[in-house]
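Following: one structure in structure tokens, then a few remarks.
Laboratory data are not the source of any read-out in this text; all were calculated from the coordinates shown. These figures come from a predicted structure and were not determined experimentally. Because the Cβ atoms are built from the backbone with ideal geometry, glycine has one as well, and the counts that use them run over all protein chains shown.
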Amino acid sequence: MRGIVLEKRICFTVFLFFILYTQIFAAGKQDEKEIKTQNDEWILCITEIDTNQLPSQRNISEIISRMMVEKLSAVSFRTRISSEYAFYEDKAWANDRSSAARALNAKLEERASLVFRGEPEWRYRQSIAAIDSDIEKLRAALKEIENNAPLVNREPGFIIFSPNHDLVFPAAPAAGAEYKFASDQKIDAFLVMSISDFYGRYLLSVKLYTVYTGSFSWEDSAVFSLGDIDSALDEITQRLHLVLSGNRPASVTIRTEPQDALLLVNNSYVNRDRNITIEYPPGTITIDASSPNYESISINTGVAGGENIDIFLRLNPVEYRNIDILSETPGSVYHGALYAGQTPLTLRLPADRMEYIEFENSSMERAAVVFQVPQSFDTSHSLTLNPLTLPDSGHVDKERRSYYWAWGGTWITGIGAWLAYQSYMSADSAIRTADSPTRNFYDSYQSLYYVSMGTAIVFGAVTIYGIYRLVRYLYTANKSAAVTVTTEEN
């Protein structure tokens with residue numbers, strides 16, 4: 001009897017454990033299902049092909065559009081790199097905060113209107129208590145949203161814009177209206193295509209606009225004829241597949257010495273900490289590093305999808321030399337366009353570089369020199385400036401204009417002399433072949449001879465004058481140009 005009771009207890013315990021385990025397991029599954037992500041779809045729109053350069057070939061644009069829809073439908077998902085993920089995270093975060101803030105504001109307005117509604121005391125207290133409870137919940141929800149970024153799908157499903165499947169292709173937006181077009185259509189990217197004639201064949205140009213970059217991030221082209229249109233579209237869509245699917249990004253870890261060097265990656269500033277790792281699409285990236293008192297460096301490197309590259313950039317320190325700037329009379333020294341001081345003056349300049357120095361004294365006498373800073377550091381160096389009265393820029397411009405006018409006159413008189421000579425030669429050929437030329441024709445022939453000789457003389461004089469104006473212009477311009485000099489060792 002006891003054995004039977006014990007056996008029943010054991011069975012009941014096992015049954016109870018099974019029920020509790022099933023509930024716990026189901027609760028765990030339910031918690032997992034509650035984790036939801038946003039932006040689960042990435043929508044691409046194919047716009048109408050621009051056929052303005054082929055007005056009679058509109059049917060080929062319809063064929064290309066239909067084939068593009070069929071071939072791009074093979075893409076099923078997209079992998080977002082960090083920059084794209086951050087864009088959609090910020091966008092979703094802003095939408096969630098705006099929705100929560102609007103709900104809280106509406107509830108606060110409802111509470112304010114309740115004060116003026118004039119309800120009985122007991123109902124007023126109940127309504128205020130209920131609204132205050134809702135307000136506290138909405139404030140807690142807003143705070144929760146502000147403190148926790150929403151989860152965005154890192155591999156959203158790739159979808160073609162639904163009207164494209166019905167062969168409806170909207171017109172491409174005008175320049176500057178791309179982002180508004182994407183927002184109105186609620187899409188993440190769109191293709192802009194144009195087709196034109198290319199020596200009897202067709203040239204198809206394709207550009208991809210992505211919302212997260214705010215610009216056209218990819219473009220390609222293909223040349224084909226009607227017979228190989230399918231292979232041409234296969235080639236261009238295969239390259240487009242790699243862009244649309246996102247592929248696995250490449251991660252680049254950049255370290256510099258000095259550690260506070262300014263970094264530009266693909267001409268974009270990188271707000272970086274030490275040993276930062278950045279994700280980039282596969283391809284070639286350009287890294288520029290610079291720091292005060294160090295030589296700048298720039299490198300190009302190729303990165304593949306899923307590859308992790310560690311890059312270390314060591315900037316060489318810049319060596320400086322002291323150059324004593326001297327002059328016969330005191331004056332102002334300008335290093336490039338910046339005022340440096342009065343002579344005598346010592347400038348600390350980078351070694352082995354060309355530098356530009358200007359000098360001006362109280363008599364408005366100026367000097368401009370270009371020199372190379374020496375590499376040696378065991379001796380001191382000096383530069384003595386001897387000012388001259390240099391022509392101002394207006395005088396140089398006047399000489400330049402005079403030379404241009406003389407050069408234009410050379411062309412005009414040269415053409416006139418050539419035309420007069422050709423007319424004279426035609427008349428000379430005619431008078432030699434004529435049996436008995438008339439007196440009027442012979443007089444015209446003589447007049448053409450004198451005209452030809454006169455225009456040739458004028459052309460020669462103008463040419464000589466043009467050479468003179470050229471020499472004057474070069475002389476005047478060189479007087480105001482910087483002179484290349486060398487420093488002296490002290």
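Model label sites at residue 429 and residue 348, defined 7 Å from Cα along the beta-carbon direction, differ in position by 7.9 nm. Shown in residue order for the stretch 455-467 are the 3J(HN,Hα) couplings computed by the Karplus curve 6.51 cos²θ - 1.76 cosθ + 1.60 at θ = phi - 60°: 5, 5, 5, 4, 4, x, 5, 5, 5, 5, 5, x, 5 Hz (x for Gly and Pro). The length gained by stretching the chain between residue 241 and residue 322 to full extension, at 0.36 nm per residue less their Cα-Cα distance, is 23.2 nm. Dipole orientation for the stretch 190-264: of the candidates 222, 258, 195, 258 has the Cα lying most toward the positive pole (charges on Cβ; Lys, Arg +1; Asp, Glu -1). Taking amide H atoms as placed 1.01 Å from N in the peptide plane, the amide H of residue 77 lies under 5 Å from those of 158, each 5 or more residues away in sequence or on another chain.
Average the reciprocal distances over every distinct pair of alpha-carbons in the stretch 42-245, invert the result, and give the Kirkwood radius in Å.
Hydrodynamic radius (Kirkwood, Cα only) of the stretch 42-245 equals 20.5 Å.
Less than 5 angstrom separates the built amide H of residue 311 from those of 253, 254, 255, all sequence-distant by 5 or more or on a different chain. Fully extending the segment from residue 165 to residue 474 would add 104.3 nm, taking 0.36 nm per residue of separation and subtracting the current Cα-Cα distance.
Quick one: if the Förster radius is 41 Å, what FRET efficiency do residue 102 and residue 196 give, using the C-beta to C-beta distance and rounding to 0.05?
After rounding, the FRET efficiency stands at 0.25.
Counted by Cβ distance under 13 Å from residue 230, the other residues give a net charge of -2, where Lys and Arg count +1 and Asp and Glu count -1. What fraction of the Cα pairs in the stretch 403-458, stated in percent, has a spacing above 12 angstrom? Looking at the stretch 403-458, the distances longer than 12 Å represent 66 percent of pairs. At R0 = 22 Å, how high is the FRET efficiency between residue 52 and residue 175 if r is their beta carbon distance? Nearest 0.05 is fine. E between residue 52 and residue 175, to the nearest 0.05, is 0.90.
Taking the number of Cβ atoms within 10 Å of each Cβ as an exposure proxy, the fewest-first ranking of 354, 67 is 354, 67.
Take 76-84, 405-413, 203-211, 101-109 and order them by the average number of nearby Cβ atoms within 10 Å per residue, most first; the result is 203-211, 76-84, 405-413, 101-109.
Were the residues from residue 412 through residue 453 laid out at 0.36 nm apart, the gain over their Cα-Cα distance would be 13.2 nm.
Note on residue 382/residue 293: beta-carbon distance plugged into 1/(1 + (r/R0)^6) with R0 of 35 Å gives a FRET efficiency of 0.90. Using C-alpha pairs below 8 Å separated by at least 6 residues, the relative contact order for the stretch 320-385 is 40 percent.
With the cut-off at 1.5 for a/c, could you classify the stretch 320-385 from its C-alpha gyration tensor as rounded, prolate or oblate? Because a/c hits 1.5 or more and a/b exceeds b/c, the stretch 320-385 counts as prolate.
Using a simple charge model, +1 on the beta-carbon of Lys and Arg, -1 on the beta-carbon of Asp and Glu, nothing else, what dipole does the stretch 42-245 show about its Cα centre, in debye to the nearest 20?
That gives a dipole near 620 debye.
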